[in-house]
Every structure is written in structure tokens, then in C-alpha cells.
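Asks: Once you've had a glance at the structure underneath, I'll fire off some questions.
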Amino acid sequence: MKNESTVIDVPAESSSAMKGSAPLIGVARDHTTSDSGGYKRGLSIFDFLLRLAAIIAASVAAGTMFTSDETLPFFTQFLQCEAGYDDLPTFQFFVIAMSMISGYLLLSLPFSVVTIVRPLATAPRLLLLVLDTAAMAFNMAAASSAAAIGYLAHNGNQNTNWLPICQQFGDFCQKTSGAVVSSFVSVVFFIMLVVLSGVALKRH
């Protein structure tokens, strides 16, 4: 009697099947990159809108302070009492600083557009992060110094015999106070811009 043997053939995995597993990893990576790019593009669009809002706030602050002159009407043409931003070096610095900040924000718009077109680019975001931080500090210095002078204009200082002038120059004080508030709004926008850039860079 002949011995019968059973032979079991185990089919080897074809090379085409082995090759087919590799592209799955690439597809997963492409999908992750696409999701990250869409997220960063959304941050870039929000960054662009914040810059437009900051330009408006800084421009309003500079323009309002620049047009804050007031002349009291009850003096003769030979003897008039006038108050203006150029009477105080701090307010002059405020107008110059906020004008420079408005110009910087306007020049930064093309870089913001680059981050929208190329959401995965790191260099434009890093450059904007550094420049925005410096501009924020400059804005804060101008706003804080003007706020201190505005406080003295409203309340004076009894220890130094500085009398408040806002009872006589109401329009002047109102405009300077509005300019200071607008400058602090610009500071808030800068803080948001810095945070946005940091979040976008962290996800790289």
C-alpha cells in the first residue's frame, strides 16, 4: 500500500500586495498634512482680519489725538487760551508712535497673505511673531504714557500743585481720552496676534 501524503500549499504574499500596504501610510500622512494646513489657513485668515482691525484702532488713536486742539472762546484775539497735543511731549510721542504702528500693520499685511497662501510656511509666521511683539511693547509704552498724562489732566496732583484742566478744556480731554482707549484696543489686538502666531508655530 502506498503512503498517501498531503501537501498543503501556503500561498506566499504577492509582491503587489506587499507594495500595496506602503501607500496607505503615505495617504494617512497626506490626510494629516491636509488637516493641519486647513487649520493653519483658518488661523491665518483670522490673523489678517485682526490686523485690519488693529490698523483701524491705531489710526483712530493717532488721528483723534492729532485733532484734539481746543481754544477757549471767551478770550480776545490777542489773548487766547489753547490746549493741543503738541503742548505736551508725551502726546507728541503718542501721535508719532501710533502713526508708526499703523504703518507697520499696513506693511505686515502682505506677510499675512503669504501665510494664507502657504499655511505650512514657518518663516513668515516667525517674523511676524517677533515684529508683533516689538510693536506691542511700543504700543503699550505710548498708551501707558498718554494715559498717565490724561489722568493728571482730569484729576491734577495736589502734592505738586498741578491743577486739573479738563473742567476748562472738556473737548480736549474727551478726545485725548478716546485716543488712549483706542490705543489700548490696539494693544489687545496685538496680544491676540502674538497668541495666534504662537499657536500656529506650535502645531508645526
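Asks: Suppose R0 equals 45 Å. What FRET efficiency, 1/(1 + (r/R0)^6) with r the Cβ-Cβ distance, do VAL181 and LEU126 give to the nearest 0.05?
Replies: 0.90
Asks: How high is the FRET efficiency between PHE46 and ASP69 when r is their beta carbon distance and R₀ equals 30 Å, given to the nearest 0.05?
Replies: 0.20
Asks: When the solvent-accessible surface of protein heavy atoms is calculated with a 1.4 angstrom probe, in what order do LYS175, LYS40, LYS202 fall, highest first?
Replies: Largest accessible area first, the list is LYS202, LYS175, LYS40.
Asks: Solvent-accessible area of MET136, probe 1.4 Å, all protein chains present, reported in Å² to the nearest ten, please.
Replies: Near enough 50 Å² of accessible area.
Asks: Largest first and to the nearest Å, give the Cα extent of the range 70-204 along each principal axis.
Replies: Here the spans come out as 65, 33, 18 Å, largest first.
Asks: From the protein chains alone at 1.4 Å, what is the descending order of accessible area for ARG41, ARG125, largest first?
Replies: Heavy-atom accessible area, descending, gives ARG41, ARG125.
Asks: Going by accessible area, probe 1.4 Å, with all protein chains left in place, what is the ranking of TYR151, TYR39, TYR85, largest first?
Replies: Solvent-accessible surface, decreasing: TYR151, TYR39, TYR85.
Asks: Would you kindly find the accessible area of THR71, with a 1.4 Å probe and non-protein molecules such as ligands, DNA and RNA excluded, rounding to the nearest 10 Å²?
Replies: 60 Å²
The values are calculated or read from the model by the stated rules, or taken from the named source; none is laboratory data. On a predicted model such as this, the values are computed, not experimentally measured, just so you know. Note that each Cβ is placed from the backbone with ideal geometry, even for glycine, and that neighbours are counted across all protein chains shown. Surface accessibility is based on the protein's heavy atoms, side chains included, excluding ligands, DNA and RNA. Shrake-Rupley method; radii C 1.70, N 1.55, O 1.52, S 1.80 Å.
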